[in-house]
Amino acid sequence: MTADEITVASKRCAKCGETKAVSAFGRHSRAKDGLLYQCKECARERDRLYRAANPEKARERDRLYRAANPEKARERGRVWQAANPEKVREGQRVYYAANSEKLRERVRVYKAANSDKERERNRVYRAANLEKVRERDRLYRAANPEKVRERNRLYRAANPEKAREASRVWRAANPEKAREASRVWRAANPEKAREAGRVWRAANSEKVREASRVYRAANLKKVRARCG
Ligand SMILES: [Zn+2]
């Protein structure tokens, strides 16, 4: 009993009992009248209840459908997303919250695999957003002083030459700040400062002699008074 054509004008839904127009029913080629036994509305409700009761099976069925009908599935998804922007945003929020570790790891792996690309992307972005980037860096450093110190420590340990050169360049460009930073550090680390001074003087005896000579020449009276 196969019906290629719909043989009735209206039909009584076997589920809700209402008599509805043919357009309210889905097609079913193996039925005598060419229509499904229940109306679209009842079919949707049955589907909703089935999904609620069998979420795993429903997901699997969806997965199989998408695999078999990729184009249709994409189009259906696109239409649904366009009609439900709020739900899309909420879904993304929930997904990110539930998979933040996984997502961070994925980003990390991608960056590691595309370090050149990533570096270039960063460089271009920073060049185009200099002020924004500086402000963001400043806020991050203010909020994470411990992390920044640790990261700097690791960097200096891994790149002693570069760190020394960067420090030299910075001191040359910021002599006042460098002196102040040095003063603060010595006040906080008197023992280390004394030891560092001792090591430096031992390694730079010529400079020490020269500095001493310059100081004595400039402060002749003071030196004489001190020496009695
Ligand atoms: Zn119905």
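The values are calculated or read from the model by the stated rules, or taken from the named source; none is laboratory data. No experiment lies behind these values; they were computed from the predicted model shown. All Cβ positions, glycine included, derive from the backbone under ideal geometry; neighbour counts span all protein chains shown.
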Scan the range 64-84 and give yes if some residue there is within 49 Å of the chain's Cα centre (by Cα), β-branched (Val, Ile, Thr) and either modelled with pLDDT of 95 or more or away from the ligand (no atom under 13 Å from the Cβ) (or both), otherwise no.
yes
Pick from the range 32-49 the residues that are more than 14 Å from the ligand (Cβ to nearest atom) and touching a strand residue (DSSP E or B) at 6+ places or on another chain (Cβ under 7 Å): which of them is nearest to Ser10 (Cα to Cα)?
Asp33
Looking only at the range 1-40, count how many residues are part of a helix (DSSP H, G or I) and in contact with a helix residue (DSSP H, G or I) (Cβ under 7 Å, 6 or more places away or on another chain).
2
Filter the range 11-24 for residues that are farther than 12 Å from Leu36 by Cα and not hydrophobic (A, V, I, L, M, F, W, C); which is farthest from the ligand (Cβ to nearest atom)?
Thr19
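Is it true that Arg27 is of a type in the set (D, E, K, R) and either surrounded by 14 or more Cβ atoms within 10 Å (Cβ to Cβ) or within 14 Å of the ligand (Cβ to nearest atom) (or both)?
no
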Filter the range 32-76 for residues that are among the aliphatic types (A, V, I, L, M) and within 27 Å of Val22 (Cβ to Cβ) and give the result.
Leu35, Leu36, Ala43, Leu49
